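S.K.: Please see the structure below; I have some questions.
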Amino acid sequence: MENSGRKKTCCESIQDFFTSAKFLIYMGHALSTWGDRMWNFAVAVFLVELYGNSLLLTAVYGLVVAGSVLLLGAIIGDWVDRNPRLKVAQTSLLVQNSCVIMCGILLMVVFQFKEQLVELYNGWILTTCYVLVITIANIANLASTAMSITIQRDWVVVVAGQDSSRLADMNATVRIIDQLTNILAPMLVGQIMAFGSHFIGCGFISGWNLCSMFVEYMLLWKVYQKTPALAVKGGQKEQQQQQELKQLSPPKDLENGQSPEESSQPLMNEASVVPSPDSPKQNGCCYQVTEPLRTLKAGWVAYYNQNIFFAGMSLAFLYMTVLGFDCITTGYAYTQGLNGSVLSLLMGASAISGICGTVAFTWVRKKCGLIRTGFISGIAQLSCLVLCVVSVFAPGSPFDLSVSPFQDLYTHLIGEKTLPEADFTSVLTGGNVTTAAPAEELPPLQSYMSVSLLFAGVIAARIGLWSFDLTVTQLIQENVIESERGIINGVQNSMNYLLDLLHFIMVILAPNPEAFGLLVIISVSFVAIGHIMYFRFAFKSLGSRLFLCCSAEQKVETDDSPSLPTTV
C-alpha cells in the first residue's frame, strides 16, 4: 500500500514508453514504411534496367497501380470495415510482404538468366515474367493500401482513445517517420545496387521483407493485446446486438402469426451493417457479380454525404500539382542547369521543411484548434507558392507563350527534336532519347533567379502542405464513424490517385520546358481551389469564429474537434 502511490522513476517511465502500444505502433510502422520505400524505389529501377533503359514497363506499372487503387479503393476500405482489425492487419501484412518476396525472387531469376529467357519461345517467357512482376507488385501495393488504412486511419485512433491531442501527436510522429524513411531507405538500397548489383539488391529487399514480416506480425499482436478496444469494431457491435435481439424475440410474436425471423426483419433492415445472406435474391449469381459495383457506389455516396467531404476534396486537389520533388520537377531543374548534387541538397531541405510542418501542426493545433490549423496551413502554403508564380516571369525563366505547349509532343511523334526539347525529354524518360549532341551546344542559362524562386517556394510550401495534410487526416479520423473509416479512407485514396493521374496527363500534353510555367500556374490554381473548398468547410463548421485567434487557455479547441465517434 505504501508503494501504490509512489512516483515512477525515470527508468520505469522509459520502460513503460518502450513497451507501450503507441511505441510499438511506431516501430511497426517504421519497419513497414522502410520496406515499402525501398521496394517502391527499387522496382522502378529494376523495370527500367530490364527493358533496356526504357520507361515503358515503369509507366505501365505506374498506370496499373494508380488505376487499381482508383477503382478498388472503396472496395478495399469496405473489406477493412467488414472484418476484425487483427485479421485485416495480419492478412494485409502477409500478402504484402509475401508478394514483395515473390517479386524479388522472380526478378533475381530474370536478372540471372535474362539471355536464356529471351531465346525461349521468342521471348514470351520473359514477357510473362514482366507481366507476373507487375501483377504481383500491384497486389502488394493494394495490400499496402489496406495496411495503411487499417493502421494509420483506424488503429491509431483507437490507441489514442478519446484524447484529440494524443491523436495529433501520434499522427505527427507517424508522418515524421514517413519523411525520414522516404529519404534514408532509397539511399540504402541505392548504395547496395551501386556497389553490388541489381541481383544483390533484389535479394536484400526480399530478405528484409521476410525478416520484417515476422517482427511486424509480433508487434501487431502486442499492440492488439495491450489495447482491448481493438477487439471490437462499431459495425460488429451492432451485428452482435441484432443477433442477440433475434434470439431473444418474445414468444408473443408467434401468437400474431409471425415467426421470429419475420418480426425482426424491419430492425435488421434499419440497423444491420451486413445484409443477411439467407435472402434468395442475395444468393443469386447476378447479385454476387454486381456486389463490388454496389460497394463502389455505396462508398462514393457515403464519402459525398460526409460532413468532411469538402475537407477531403481539398486534400485531393493538392495532388494536382507539378510543384513537388518528383521526376517532373527534377527533370525541369536539369534543363535549368541544376546538377544532381544541388538537387539532392534541395530534397534534403524539402524533407526538413516537411518535418517542421509536422511539428508546427501540433503546436498550432494546441493554440488555435484543429479546423483553424488547416485554415492557417492553407494560407501559409499559398503564400509560399506565390514565389513559384513569380518565378514564371522572373529572369531566366524559359516560359514562352509563343511556343505551343504541344510542340514537344508533336515533334516527338514525327521524330524531329530540337536540342532543348530532346534534353528535357531525355531527363523524363531516363535518357532514352537518341539525339546525340554535345552538352556545350545547349544555350547557356542567363540567370538562376527563376529556378531559385521556384524551389524556394516549393520547399517553403512544404511546411503548410504537411501541416494541412495532418489536419485533414485527423478531421477524417475524428468525424467518420468507426464502422465507415475503411471505406471513406479508401475513397479518399482513390480521389488522391485520380488527381495525381490528371497531373501526369497534364505534363504529357505539355512536356516542353517553355510550357512548364503554364503548368506551375495551373498547379497553383488547383491548390487555391482546394483551399477554397477547405475554407467553405471551415466557415460552415465555425462561422465567424473561424477568424478569432484562440489561445490554449481559452480551450476553444473542444468546439473545433468533436469527440471521436465510435459507433453509428
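The values are calculated or read from the model by the stated rules, or taken from the named source; none is laboratory data. Keep in mind that this is a model prediction, so the values were computed, not measured. Neighbour counts run over all protein chains shown; Cβ positions are idealised from the backbone, glycine included. These accessible areas exclude ligands, DNA and RNA; they are computed on the full protein's heavy atoms, side chains included. Shrake-Rupley method; radii C 1.70, N 1.55, O 1.52, S 1.80 Å.
S.K.: Given the conditions (1) among the aromatic types (Phe, Trp, Tyr); (2) open to solvent by 30 Å² or more (accessible area, probe 1.4 Å); (3) under 18 Å from residue 176 (Cα atoms), which single one is not true for residue 361?
M.R.: Condition not satisfied by residue 361: (2).
S.K.: Continuing with this model, one more query. Based on this model, can you work out whether residue 17 counts as closer than 20 Å to residue 147 by Cα, surrounded by fewer than 17 Cβ atoms within 10 Å (Cβ to Cβ) and aromatic (Phe, Trp, Tyr)?
M.R.: No: the conditions fail for residue 17.
S.K.: Which one of these does residue 418 not meet: (1) in contact with a Phe, Trp or Tyr (Cβ under 9 Å, 6 or more places away or on another chain); (2) modelled with pLDDT under 90?
M.R.: Every listed condition holds for residue 418 apart from (1).
S.K.: In this structure, is residue 152 part of a helix (DSSP H, G or I), touching a His at 6+ places or on another chain (Cβ under 9 Å) and not hydrophobic (A, V, I, L, M, F, W, C)?
M.R.: Yes.
S.K.: Pairs under 6 Å by beta carbon, first residue free of Cβ contacts under 8 Å to residues at least 60 places away in the same chain in region 189-203, partner open to solvent by 50 Å² or more (accessible area, probe 1.4 Å) and assigned to a helix (DSSP H, G or I), six or more apart or different chains?
M.R.: Pairs that qualify, where the first residue is free of Cβ contacts under 8 Å to residues at least 60 places away in the same chain and the partner is open to solvent by 50 Å² or more (accessible area, probe 1.4 Å) and assigned to a helix (DSSP H, G or I), are 192/204.
S.K.: Given the criterion open to solvent by 50 Å² or more (accessible area, probe 1.4 Å), of a type in the set (Gly, Ala, Ser) and over 18 Å from the mean Cα position of the chain (by Cα), identify the matching residue among 194, 160.
M.R.: 194
S.K.: Could you grab me the full set of residues in region 308-331 that are in a helix (DSSP H, G or I), open to solvent by 10 Å² or more (accessible area, probe 1.4 Å) and not hydrophobic (A, V, I, L, M, F, W, C)?
M.R.: 330
Each row is one residue, and each column tells you yes or no for (1) open to solvent by less than 60 Å² (accessible area, probe 1.4 Å); (2) touching an Asp or Glu at 6+ places or on another chain (Cβ under 8 Å); (3) farther than 26 Å from residue 366 by Cα; (4) modelled with pLDDT of 65 or more.
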site	(1), (2), (3), (4)
519	yes, no, yes, yes
523	yes, no, yes, yes
528	yes, no, no, yes
540	no, no, no, yes
545	no, yes, no, yes
549	no, no, no, no
553	no, no, no, no
558	no, no, no, no
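S.K.: Just checking, which of 73, 77, 104 is over 18 Å from residue 148 (Cβ atoms) and in contact with a Gly (Cβ under 9 Å, 6 or more places away or on another chain)? Spell out how you get there, then give the answer.
M.R.: On the way: 73 fails: over 18 Å from residue 148 (Cβ atoms); 77 fails: over 18 Å from residue 148 (Cβ atoms).
When all the criteria are applied, what remains is 104.
S.K.: Applying the selection to region 9-36, what residues are of a type in the set (Val, Ile, Thr) and assigned to a helix (DSSP H, G or I)? Walk me through it before giving the result.
M.R.: Just the residues of region 9-36 that are of a type in the set (Val, Ile, Thr), to begin with: 9, 14, 19, 25, 33.
Scanning region 9-36 gives 14, 25, 33.
S.K.: I would also like to ask the following. Among the residues in region 492-509, are any crowded, with 22+ Cβ neighbours inside 10 Å and over 25 Å from residue 60 (Cβ atoms)?
M.R.: Yes: region 492-509 contains one or more residues that are crowded, with 22+ Cβ neighbours inside 10 Å and over 25 Å from residue 60 (Cβ atoms).
S.K.: Taking only region 38-54 into account, find how many residues are open to solvent by less than 60 Å² (accessible area, probe 1.4 Å), in contact (Cβ under 8 Å) with a residue 24 or more places away in the chain and either closer than 15 Å to residue 216 by Cα or assigned to a helix (DSSP H, G or I) (or both).
M.R.: Here the count works out to 9.
S.K.: Within region 305-357, how many residues turn out to be more than 30 Å from residue 537 (Cβ to Cβ) and among the hydroxyl-bearing types (Ser, Thr, Tyr)?
M.R.: Qualifying residue count, region 305-357: 6.
S.K.: Something else now. Could you check residue 74 against (1) buried (at least 17 other Cβ atoms within 10 Å of the Cβ); (2) modelled with pLDDT under 90 and say which number it fails?
M.R.: Every condition holds for residue 74 apart from (2).
S.K.: Sticking with this structure for a sec: Any residue at all in region 203-220 that is at pLDDT 90 or above, aliphatic (A, V, I, L, M), surrounded by 12 or more Cβ atoms within 10 Å (Cβ to Cβ) and farther than 30 Å from residue 41 by Cβ?
M.R.: no
S.K.: Output the number of the condition that residue 80 fails; it satisfies all remaining conditions of (1) among the β-branched types (Val, Ile, Thr); (2) within 22 Å of residue 291 (Cα to Cα); (3) within 16 Å of the chain's Cα centre (by Cα).
M.R.: Condition (3) is where residue 80 drops out.
S.K.: Taking the residues in region 108-117 that are open to solvent by 70 Å² or more (accessible area, probe 1.4 Å) and in a helix (DSSP H, G or I) as candidates, determine which candidate is nearest to residue 199 (Cα to Cα). Break it down into steps so the answer makes sense when it comes.
M.R.: Start the filter on region 108-117 by keeping residues that are open to solvent by 70 Å² or more (accessible area, probe 1.4 Å), which leaves 112-113, 115-116.
This time we only want the ones that are in a helix (DSSP H, G or I), so: 112, 115-116.
Working: 112: 7, 115: 15, 116: 16 Å.
Taking the candidates together, the pick is 112.
S.K.: List every residue pair whose Cβ atoms sit under 7 Å apart, with the two residues 6 or more apart in sequence or on different chains, where the first one lies in region 503-531 and is part of a helix (DSSP H, G or I) and the second, anywhere, is among the acidic types (Asp, Glu) and open to solvent by 20 Å² or more (accessible area, probe 1.4 Å).
M.R.: 514/400
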